[in-house]
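Here is the structure we will look at, set down as structure tokens.
The values are calculated or read from the model by the stated rules, or taken from the named source; none is laboratory data. Keep in mind the model is a prediction, meaning the values are calculated, not measured. Cβ coordinates were reconstructed from backbone atoms using ideal geometry, including for glycine residues, and neighbour counts include every protein chain displayed.
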Amino acid sequence: MHDVNAPKDSKLTLDAGGQQLSVDLYSKEGFDLLNSLLLKVGAEQKVMYEPTWLGRPIIQFANDVVVTQELLWKVKPDLVIETGVAHGGSLILSASIQQLLGEGRVIGVDIEVRPHNRKAIEEHPLAHRVELIEGSSIAPETVAAVKARVQGAKRIMVILDSNHSAEHVRTEMNLYAELVSPGSYMIVQDGAQAWVSDIPRGKAEWKNDHPLIAIDGFLAENADFEIDESCTRLGVTSSPRGYLRKTSSERLTPP
Ligand SMILES: C[S@@+](CC[C@H](N)C(=O)[O-])C[C@H]1O[C@@H](n2cnc3c(N)ncnc32)[C@H](O)[C@@H]1O
């Protein structure tokens, strides 16, 4: 990054395939366009593979890490269930806030926990707060194993970051929603897959198969969850419409 000349009346102009879009740089539209482009360019440059949390790689944009921290601190979950472990950074993020709170545990579910990742997670100073379950997040035996461990938990948060196909995410949402405590969150990550299908390393199929389809379908049928728009106020995010607050302990259907 470097200093660029951009005085107060500057325009931001995108020339995309011969079509031009121009907005005032310092307007709300300018901020929105910059973030929309930063998502695409950042994804192309694989920026989300860069952060670490307490030594473990966490596959997230920095804004999403900050907002997840805010929610962990606000809700103070004594149990976090996360599907999609990868290197374990997101498990350690939750465990680190729980460590400050003095209580809590994290269950990480992944279809394949690679041996070097398992070793690093199990040797981490916060390993005592983390339990790994290996298996598909939607397999009945995995769901049963998770449910067997929720007893006694008072505030449960669920983070879904495994397979990002619409069908898989919708099935996960249906299976795990009941575990989320009222006032807590189900964070459904990587809906922005839909918005990066056109980047050079993007895949055309992402445009029609992504978590936003699952989120929209789920919300249409489950009135006990609502999108918390404040969670995407920082700008670039992998999870548009993905921060869902549970408003009630009852399963509410839309009117
Ligand atoms: C994007 S990575 C998770 C990143 C991690 N949450 C983080 O923030 O660092 C996706 C993970 O989902 C796992 N995965 C893919 N399909 C899955 C499934 N059906 N059930 C559980 N995990 C799955 C992959 O093995 C991979 O480790």
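General remarks:
- Just one residue in the set Q189, Q193, Q151 is more than 24 Å from D78 (Cα to Cα) and either polar (S, T, N, Q) or assigned by TED's automatic domain parsing to the domain that holds A16 (or both); that residue is Q193.
- Candidate set from segment 130-150 (those that are charged (D, E, K, R) and closer than 21 Å to R56 by Cβ); member that is farthest from the ligand (Cβ to nearest atom): E131
- Some residue of segment 55-64 being over 20 Å from the mean Cα position of the chain (by Cα) and either within 12 Å of the ligand (Cβ to nearest atom) or modelled with pLDDT of 95 or more (or both): no
- Yes/no for A153 being small (G, A, S) and more than 12 Å from the ligand (Cβ to nearest atom): yes
- Residue within segment 169-181 that is within 16 Å of the ligand (Cβ to nearest atom) and among the acidic types (D, E) present: yes
- Top-ranked residue in segment 68-80 [being within 13 Å of the ligand (Cβ to nearest atom) and surrounded by 22 or more Cβ atoms within 10 Å (Cβ to Cβ); ranked as nearest to Y176 (Cα to Cα)]: V80
Yes/no matrix, rows are residues, columns are (1) closer than 19 Å to G202 by Cβ; (2) outside the structural domain of V85 (by TED's automatic domain parsing):
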{"residue": "Q20", "(1), (2)": "no, yes"}
{"residue": "E29", "(1), (2)": "no, yes"}
{"residue": "S36", "(1), (2)": "yes, yes"}
{"residue": "G55", "(1), (2)": "no, no"}
{"residue": "V66", "(1), (2)": "no, no"}
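- Criterion (out of contact with any Cys (no Cβ under 8 Å at 6 or more places or on another chain) and modelled with pLDDT under 95) met by exactly one of Q69, Q151, Q98: Q151
- Counting the residues of segment 198-249 that are more than 18 Å from the chain's Cα centre (by Cα) and of a type in the set (S, T, Y) gives 3.
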